[in-house]
Amino acid sequence: MALDNELELRPGDNKTGLVKMGHELKTNGKTLFGLVALFWVLEVFDKLIFMGGLDTLGIHPRTLSGLSGILTAPFLHGSFAHVAGNTAPFLVLGGLIMLRDRRDWLATTVLSSLIGGLGIWLFGAANSVHIGASIVVFGYFGYLISVGFFERKFGAILVSALVALFYGGMIFGVMPVIAGAGISWEGHLFGFLGGITSAKLLYGRKTRGTKLLTE
């Protein structure tokens, strides 16, 4: 009887799992699209009301007041084209991380923002202001491109390979000569390193632990 009851519950369990998955996807979408909407709203306000004044709230390298820009810079953009350029990769790469684990997404967002921001503050050009969600976008890229190496599971390796295939060209954005004038290659580089750091912290220890168990 117990076995029969267990078998009878399985269809319901599957349905519950699908409902839970749908709820998670909906929550993920709301989070990502909500942040993108915030980027656009802030840019509209900046252009129409503040006349570009919000851009001064970015990161000012090696100034005490510029440290606060580490928290605000990812939300600010220099133009509508700048926001548009960050929108798609933010949604796609951020969505891929969320599909793996929302906690990974949160950790990568925080670490890429902090490491990217501090890197800009320490090494950015004097008398410059750095803004843009690309700090975080390159963090997502760094996480996804390296997670296969650190986790060493087929699914993670496949994700890294696909991201390398479709977004591998982003790596040129961390190079000052190729990035071009007016582009914060420092934000790209240190955001990218922040994403790799996130993957390392989340999965590097697990990999070492697995090796210890199998030796």
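Side notes on the structure shown:
- Alpha carbon convex hull of the chain, volume per residue in cubic angstrom: 160
- A helix-only calculation puts the chain at -24000 deg cm²/dmol for mean residue ellipticity at 222 nm, using -39500 (n - 2.57) for each DSSP H run of at least four residues, averaged over all residues.
- With 0.36 nm allotted per residue and the present C-alpha distance subtracted, the Leu38-Leu201 stretch has 55.8 nm of extension available.
- Taking other C-beta atoms within 10 Å as the exposure proxy, Ser128, Ser198 rank Ser128, Ser198 from fewest upward.
- Segment Leu18-Arg62, extension gain: residue separation times 0.36 nm, minus the distance between their alpha carbons: 10.8 nm
- Charge tally around Gly142: other residues with Cβ under 15 Å, Lys/Arg +1 each, Asp/Glu -1 each, net -1.
- Tail weight of P(r) past 20 Å, computed on alpha-carbon pairs of segment 69-161, percent: 39
- Contour minus Cα-Cα distance for Leu25 and Arg103 (0.36 nm per residue): 26.7 nm
- The count of lysine pairs in the chain that are at least 8 places apart or cross chains, and whose C-alpha atoms lie under 30 Å apart, stands at 17.
- Taking a span of 18 Å or more along the helix axis (Cα atoms) and a mean Kyte-Doolittle hydropathy of at least -0.5 as the rule, the DSSP H helices of the chain that qualify are 2-48, 80-100, 102-123, 134-151, 154-167, 185-199.
- Charged side chains reduced to their Cβ positions (Lys and Arg at +1, Asp and Glu at -1) give the chain a dipole of some 360 debye around its Cα centre.
- Segment 2-214, relative contact order [Cα under 8 Å, separation at least 6], %: 21
None of the figures in this text is laboratory data; all of them are computed from the coordinates on show. Keep in mind that this is a model prediction, so the values were computed, not measured. Methodologically, a virtual Cβ is constructed for each residue, glycine included, from the backbone with ideal geometry; neighbour enumeration extends over all protein chains shown.
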